[in-house]
Amino acid sequence: MARIRIGEILIKQGLITESQLQEAINIQKDQKKSRIGEILIQVGMIKEEDFSIALGSQLSVPFASYMSGLLKPKSDQGLEKLVSYDFAKRNLVLPLSRNLHSLTCAIFDPLDFFVLDNLKILTGCDLNLVIATKTDLAKAIDEFYITGREAGSREGGTILDQALQKSFAEGELTGKVEEKGIVADSELSIDRLIAKAGEAPVVKLVDLVIRQAIDERASDIHIEPFKDRLEIRYRIDGVLYQIPPPAAHLHLPIISRIKILAKMDIAEKRLPQDGALSAKLEDRLVDMRVSTIPTVYGEKAVLRLLDKGNVKLDLVNLGYDTKQLEAIRKALDSSYGLFFVTGPTGSGKSTTLYSCLNEVFDPGLNVMTCEDPVEFKLDGINQVAMRADIGLTFASALRSFLRQDPDIIMVGEVRDLETAQICVRAALTGHLVLSSLHTNDAPSTIARLVDIGIPNYLLTPSLVMIVAQRLARKLCPKCKEPYEANGLVFGDYKIKSDLIYRSKGCDECNHTGYKGRLVLSEVMAINDEVRELIARSGSYNEIKDAARRNGMDTLFESGMKKVESGISSVDEILGVVTDN
């Protein structure tokens, strides 16, 4: 939609002349914060009510006045909690009534698309607008929120918007948003930073950002500074979504608050840092890994949320089909050998490894893990967190494990030759070793291990299973839309189902069309044919062909089977894996 200029509307309505508009524009250049409409009203070129009526007429938005009684919100719909007093007062927005997912609001400037977008996000409603004058709206807002504001202050607010809007109001009072920005704040002393990080608005804002992320099932929170703004994004089901940001001047206090909670050095801004913290939400405890890194506009922070209550460590729930589950369980029943889970960062390798541990755990076994860091604490399993700064590495921990009489060992990741050598040695001396590796697919894992420095003759007897995986979004079961496949073909693969599904979007899935994720996997059992190929340095294609003859589905085939089952969509699978 092309942006409509208010001045042009008023000229078209015959309420001002070209010369009056130019005069207002000249005034606006000196008063950079003022809008044309406000200037025209201030200098008496147009009456406030005439301005609102003209704008409403041009945009087909009804006009409502205070005297007409149309600016009296319904008192039994919880509107004061849906839209906070601070947001309403700052943006001159008044909720009047709600019907299912439709919200009727009075607004001073229906062309302020930024406010309208934020209002949609914060309320989750479609908007029906009426237009009112600034004076009438200010009076009606104060009248409606007289009791609602007091209740809101006692309850601490129910939506993140309260804290966000306060941050802008405070920024205007101090002049930091326009005049100083982020860079000037970097001159604050450490004592002042600590003091600001402990102020109630900052504490509340950080708490609400984390709480909303947990409520929306986010896996990560990104807090990113730029030249003139601060952005906050949530990663939900693998996709980053931006939320309305706080004022730019709060960048350093927010980062400092997070660093204090994560027991990091707030004085060090030049080097990356890692930390951890926990948040309790009702009866759930959510662990968080915190990482900061310096950028040209200040420190960026990423919080990785590990919500144990939202993750079921069970192989059945991850999305493996019956054939794959049988192969994995058969490999886990081995008394010794190497079991690898591979894939890029964020492909769910750790969750699969933990699920495997749950599968094999028995009180009669000594299970030990070395991890960096420990993401989930498992009862009955000896877990060791790596501390490279004091010399506790995967290799040193593994050497000690072998003197601890282990039955099953889990290594968070094989990163170097020494760790790989100890894993192979442990597998060859009667231990089941589970670990992860970064490779594109299961067959290429062989080449990667050889590249690290493990000779083929040691891989041949030690490997029992390689599982390569990716994560794909699941279609929202409430709104997924069926359509005819009509024999869709992708390379050598033809869709077998006549009816498949695509995303649509509804309130249940925040109009994304997807909710939750599942595993796409290549489960490559190491049989005699594959071992022979490894022993004689067979090529990637030879190993892949042998694995497929043994029943392995490629990542693409695994994804297309999810499409045929109505669990995911063609677009999602094609965005995650390619036909190879």
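Could you figure out which of (1) open to solvent by 10 Å² or more (accessible area, probe 1.4 Å); (2) within 30 Å of Tyr514 (Cβ to Cβ); (3) small (Gly, Ala, Ser) isn't true of Ala301?
Failed condition: (1).
List every residue pair whose Cβ atoms lie under 7 Å apart, where the two residues are 6 or more positions apart in sequence or sit on different chains, the first residue falls within the range 531-546 and is within 16 Å of Thr460 (Cβ to Cβ), and the second residue, located anywhere, is surrounded by 21 or more Cβ atoms within 10 Å (Cβ to Cβ) and not aliphatic (A, V, I, L, M).
Ile543/Pro443
Select from the range 508-528 the residues that are open to solvent by 60 Å² or more (accessible area, probe 1.4 Å) and at negative phi and list them in ascending order.
Initial filter on the range 508-528 (open to solvent by 60 Å² or more (accessible area, probe 1.4 Å)): 508, 510-511, 515, 517, 528.
Those that are open to solvent by 60 Å² or more (accessible area, probe 1.4 Å) and at negative phi: Glu508, Lys515, Arg517, Asp528.
Could you list, in sequence order, all residues of the range 447-486 that are touching a residue at least 60 places away in the same chain (Cβ under 8 Å), aliphatic (A, V, I, L, M), within 30 Å of Arg425 (Cα to Cα) and open to solvent by less than 20 Å² (accessible area, probe 1.4 Å)?
Leu459, Leu463, Met465, Ile466, Val467, Ala468 - these are the residues of the range 447-486 that are touching a residue at least 60 places away in the same chain (Cβ under 8 Å), aliphatic (A, V, I, L, M), within 30 Å of Arg425 (Cα to Cα) and open to solvent by less than 20 Å² (accessible area, probe 1.4 Å).
Can you work out which of the residues in the range 395-422 that are in contact with a strand residue (DSSP E or B) (Cβ under 8 Å, 6 or more places away or on another chain) and of a type in the set (S, T, N, Q) is farthest from Thr351 (Cα to Cα)?
Initial filter on the range 395-422 (in contact with a strand residue (DSSP E or B) (Cβ under 8 Å, 6 or more places away or on another chain)): 397-398, 401, 404, 406-414, 419.
Narrowing the set further to residues that are of a type in the set (S, T, N, Q) leaves 404, 419.
Numbers: Gln404: 25, Thr419: 21 Å.
Of everything passing the filter in the range 395-422, Gln404 is farthest from Thr351 (Cα to Cα).
Scan the range 374-394 residue by residue and report those that are without any contact (Cβ under 8 Å) to a residue 60 or more places away in the chain and either in contact with a strand residue (DSSP E or B) (Cβ under 7 Å, 6 or more places away or on another chain) or buried (at least 19 other Cβ atoms within 10 Å of the Cβ) (or both).
Val374, Lys377, Ile381, Asn382, Gln383, Val384, Ala385, Met386, Phe394
Of the numbered conditions (1) at negative phi; (2) modelled with pLDDT under 95, Gly551 fails exactly one; give the number of that condition.
(1)
Taking the range 329-347, which residues are within 31 Å of the chain's Cα centre (by Cα) and either crowded, with 22+ Cβ neighbours inside 10 Å or of a type in the set (A, V, I, L, M) (or both)? Walk me through it before giving the result.
Going residue by residue through the range 329-347, those that are within 31 Å of the chain's Cα centre (by Cα) are 339-347.
Across the range 329-347, the qualifying residues are Phe339, Phe340, Val341, Thr342, Gly343, Ser347.
Being crowded, with 17+ Cβ neighbours inside 10 Å and among the β-branched types (Val, Ile, Thr) is true for just one of Val489, Val576. Which residue is that?
Working: Val489 fails: crowded, with 17+ Cβ neighbours inside 10 Å.
That would be Val576, the only listed residue that is crowded, with 17+ Cβ neighbours inside 10 Å and among the β-branched types (Val, Ile, Thr).
Residues being among the hydrophobic types (A, V, I, L, M, F, W, C), in contact with a Cys (Cβ under 6 Å, 6 or more places away or on another chain) and modelled with pLDDT under 80: count how many of those fall in the range 58-108.
First, the residues of the range 58-108 that are among the hydrophobic types (A, V, I, L, M, F, W, C): 59, 61, 63-64, 67, 70-71, 79, 82-83, 87-88, 92-94, 96, 100, 103, 105-108.
Checking which are in contact with a Cys (Cβ under 6 Å, 6 or more places away or on another chain) leaves us with 93, 103.
Going one step further and asking which of them are modelled with pLDDT under 80, we end up with none.
Going through the range 58-108 one residue at a time, the tally reaches 0.
Tell me which residues, restricted to the range 229-243, are open to solvent by 10 Å² or more (accessible area, probe 1.4 Å), in contact with a helix residue (DSSP H, G or I) (Cβ under 8 Å, 6 or more places away or on another chain) and either modelled with pLDDT under 85 or assigned to a strand (DSSP E or B) (or both).
Restricting attention to the range 229-243, the residues satisfying the condition of being open to solvent by 10 Å² or more (accessible area, probe 1.4 Å) are 229, 231, 233, 235-243.
Filter once more, keeping what is in contact with a helix residue (DSSP H, G or I) (Cβ under 8 Å, 6 or more places away or on another chain): 229, 243.
Residue satisfying the conditions is Ile243 alone.
The values are calculated or read from the model by the stated rules, or taken from the named source; none is laboratory data. Small disclaimer: the values here were computed from a predicted structure and weren't measured. All Cβ positions, glycine included, derive from the backbone under ideal geometry; neighbour counts span all protein chains shown. Quick note on the areas: whole protein, heavy atoms, side chains included, nothing else; ligands and nucleic acids left out. Shrake-Rupley method; radii C 1.70, N 1.55, O 1.52, S 1.80 Å.
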